[in-house]
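See structure below.
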Amino acid sequence: VRPTSEVLFCEHYSNIIHSYRDLPKLYNQWANVVRWEKTTRPFLRTLEFLWQEGHTAHATDEDAMEETIKMLNVYAAVCEEILAIPVVKGQKTEKEKFAGAKATFTIESLMHDGKALQSGTSHHFGTGFAEAFNIQYTDKEGKLQYVHQTSWGFTTRIIGALIMVHGDDRGLVIPPKAAPTQVMIVPIAQHKEGVLDFAYDLKTSLGKVARVDIDASDKKPGWKFNEYEMKGIPVRLEVGPKDIENKQVVLVRRDTLEKVFVPLDQLETKLVELLDEIQTNLYNKALNHREERTSVALTLSELKESLEAKPGFIKAMWCGELACEEKIKEDTGATSRCIPFEQEQVSDKCVCCGKDADKIVYWAKAY
Ligand SMILES: [Zn+2]
């Protein structure tokens, strides 16, 4: 239990920053945070969670802005390229931005049930905190200037997103790039001579191209299949006496549960291809789901109907007035998720008040 990190970092910065030569400054920390929550939800809203946060100080506003967007892009890349979760990048409205920030940027993802999840944020502070904490430096001309700051964070709630976006009725589905174990070898009839030796040799040779483990315990193969499906391991490799005789193995992919026989001499290549294919398939599946669950609304009643008929993102024009943002939340339960970087004009009138509007906003019910 502690004040926000900004307080700690700003105090520190006011002690260590004196000259333009001290800039820029970048600190990263991993910290466990405790927050009072009335209602908790595993992974998404917990009393205590682990996060990564960065705090930077720069000489100019442009440098701070560049850092803010750079980190937003890093978080987006982690979500899209590693976790196979597509995100919408954009800016938070005044109402939803971090208190004390000049601007807050966010990546928003859509869960299986049509609720949005804020998946990472990056804040541009301007000189607000620097003025409050007196963080000044002497520039090249010998003049005192306030620093321009940023902060950004990414938390373990993303594990919750991973579970909800990819999981199915059998359990977890972990994208290969994020999976600690990518391939689980399950020997069949392992008591028969040569099977275990063969399976262990496979573990060694495939270990060069993937993260491979083996379950040589006494449990029945069917039991093992279920367990590793539940744990979301991307590929199961089955090998038994017949396969050894036929110089092949069986690969079963977790995402589609498809089974393929692969000749031993092609195994390394096929396995790498298969892992890539699963990664791409999971991303595309999530993207299709998001697209299916994204609607356009031109009026408040349309927005409300869409949310009920097909929960997801609603794209609608907004005049920029807080009153409209609040009314939408009150009437529909949806909050403004972001003003996306990729703007489009679906109308020129605010979805709520009908006055002129030139910004499209993503709205959704959110975790
Ligand atoms: Zn309006």
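The values are calculated or read from the model by the stated rules, or taken from the named source; none is laboratory data. Everything quoted here is computed from the prediction, not taken from an experiment. With ideal geometry, Cβ positions are generated from the backbone for all residues, glycine too; neighbour counts draw on all protein chains shown. Areas reflect the complete protein model, heavy atoms only, side chains present, ligands, DNA and RNA absent. Shrake-Rupley method; radii C 1.70, N 1.55, O 1.52, S 1.80 Å.
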(message) If I filter segment 342-349 for residues that are more than 9 Å from the ligand (Cβ to nearest atom) and within 20 Å of Lys115 (Cα to Cα), do I get at least one hit?
(response) no
(request) Sort through Phe129, Phe154, Phe43 and tell me the only one that's open to solvent by 10 Å² or more (accessible area, probe 1.4 Å), touching a residue at least 60 places away in the same chain (Cβ under 8 Å) and more than 30 Å from Pro176 (Cα to Cα). (result) Phe129
(request) Select from segment 358-367 the residues that are open to solvent by 10 Å² or more (accessible area, probe 1.4 Å) and either among the basic types (Lys, Arg) or within 14 Å of the ligand (Cβ to nearest atom) (or both) and list them in ascending order. (result) Asp358, Lys359, Lys365
(request) Would you confirm whether any residue within segment 261-273 is within 22 Å of Ser109 (Cα to Cα), part of a helix (DSSP H, G or I), open to solvent by 60 Å² or more (accessible area, probe 1.4 Å) and in contact (Cβ under 8 Å) with a residue 24 or more places away in the chain? (result) no
(request) Mind listing whichever residues of segment 60-95 are in a helix (DSSP H, G or I), of a type outside the set (A, V, I, L, M, F, W, C) and surrounded by fewer than 21 Cβ atoms within 10 Å (Cβ to Cβ)? (result) Asp61, Glu62, Asp63, Glu66, Lys70, Asn73, Glu80, Glu81
(message) Restricting to segment 106-126, count the residues that are open to solvent by less than 10 Å² (accessible area, probe 1.4 Å) and either without any contact (Cβ under 8 Å) to a residue 60 or more places away in the chain or of a type in the set (S, T, N, Q) (or both).
(response) 6
(message) Cβ-Cβ distance below 9 Å, separation of 6 or more or different chains: which pairs start in segment 197-215 with a residue that is assigned to a loop (DSSP other than H, G, I, E, B) and end on one that is open to solvent by 50 Å² or more (accessible area, probe 1.4 Å)?
(response) Lys208/Glu268; Val209/Glu268; Val209/Thr269; Val209/Val272; Ala210/Glu268; Ala210/Val272; Arg211/Pro180
(message) Every residue in segment 307-329 that is within 15 Å of the ligand (Cβ to nearest atom) and out of contact with any strand residue (DSSP E or B) (no Cβ under 8 Å at 6 or more places or on another chain), please.
(response) Glu321, Leu322, Ala323, Glu326, Lys327
(request) Name, by its number, the condition in (1) closer than 21 Å to Asn281 by Cβ; (2) surrounded by 11 or more Cβ atoms within 10 Å (Cβ to Cβ); (3) not charged (D, E, K, R) that does not hold for Pro221. (result) (1)
(message) Given (1) more than 16 Å from the ligand (Cβ to nearest atom); (2) under 22 Å from Ser109 (Cα atoms); (3) touching a strand residue (DSSP E or B) at 6+ places or on another chain (Cβ under 7 Å), identify the lone condition not met by Ala334.
(response) (1)
(message) Just to be sure I understand the filter: pairs with C-beta atoms under 8 Å, separated by 6 or more residues or on different chains, first member in segment 316-330 and touching a residue at least 12 places away in the same chain (Cβ under 8 Å) and in a helix (DSSP H, G or I), second member open to solvent by less than 90 Å² (accessible area, probe 1.4 Å) and charged (D, E, K, R). Which pairs pass?
(response) Leu322/Lys95; Glu325/Lys95; Glu326/Lys95
(request) Residue by residue through segment 287-315, note down the ones that are outside any loop (DSSP other than H, G, I, E, B) and hydrophobic (A, V, I, L, M, F, W, C). (result) Leu287, Val296, Leu300, Leu303, Leu307, Ala309, Phe313, Ile314
(message) Quick check on Lys304: is it more than 17 Å from Val173 (Cα to Cα), within 16 Å of the ligand (Cβ to nearest atom) and open to solvent by 60 Å² or more (accessible area, probe 1.4 Å)?
(response) yes
